[in-house]
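Engineer: Attaching a single structure in structure tokens format; questions to follow.
Taken together, the values in this text are just the output of simple stated rules run on the coordinates, not laboratory data. Worth saying up front: this structure is predicted, and the values here are computed from it rather than measured. We place every Cβ from the backbone using ideal geometry, glycine too, and count neighbours over all the protein chains shown.
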Amino acid sequence: MKDKREYTVMIERDDDGYYVGEVIELPGCFTQARSIEELMERIKEAISLYLETVDDVDVKYEFVGLQRVIA
């Protein structure tokens, strides 16, 4: 069993009310669901499937955060 790592998931809600989650450290790793709970289960599955397709994940940066700005 591989060591578990912590990943950052950015969550948005689309026009149809679905939550969309994207793993910041894994480009192209995303999924959607009707609830946050379901989304988190699906994102774990998406991460597992993503990691099966790559030999080694080289995280080149650290996610710092998001901010809102009024312009």
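Engineer: Across segment 3-17, in residue order, what do the Karplus-derived ³J(HN,Hα) couplings come to in whole Hz, using 6.51 cos²θ - 1.76 cosθ + 1.60 with θ = phi - 60° and x for Gly and Pro?
Structural biologist: 5, 7, 10, 9, 10, 9, 10, 8, 10, 10, 10, 8, 4, 8, x
Engineer: Between L66 and E38, what is 0.36 nm times their sequence separation minus the Cα-Cα distance? Round to one decimal in nm.
Structural biologist: Details: separation 28, 0.36 × 28 = 10.08 nm, distance 2.31 nm.
The span from L66 to E38 would gain 7.8 nm if fully extended.
Engineer: For T31, T8, T53, what ranking results if the residue with the fewest other Cβ atoms within 10 Å of its Cβ goes first?
Structural biologist: T53, T8, T31
Engineer: Using the Karplus curve 6.51 cos²θ - 1.76 cosθ + 1.60 with θ = phi - 60°, work out ³J(HN,Hα) for each residue of segment 22-29 in order, rounded to whole Hz, and write x for Gly and Pro.
Structural biologist: The phi angles translate into 10, 7, 4, 7, 10, x, x, 9 Hz.
Engineer: Something else about it: In the set (1) 4.1; (2) 9.1; (3) 6.4, which value of mean projected area of the Cα convex hull in nm² was calculated from the structure you see?
Structural biologist: Given (1) 4.1; (2) 9.1; (3) 6.4, the structure-derived one carries the label (3).
Engineer: In degrees, nearest 10, range 0 to 90: what is the angle between the Cα axis of helix 36-52 and the longest Cα principal axis of the chain?
Structural biologist: Once rounded, the angle reads 30 degrees.
Engineer: Can I ask one more? Give me the percent relative contact order of the chain, please, defined on Cα pairs under 8 angstrom at least 6 residues apart.
Structural biologist: Relative contact order comes out at 21 percent.
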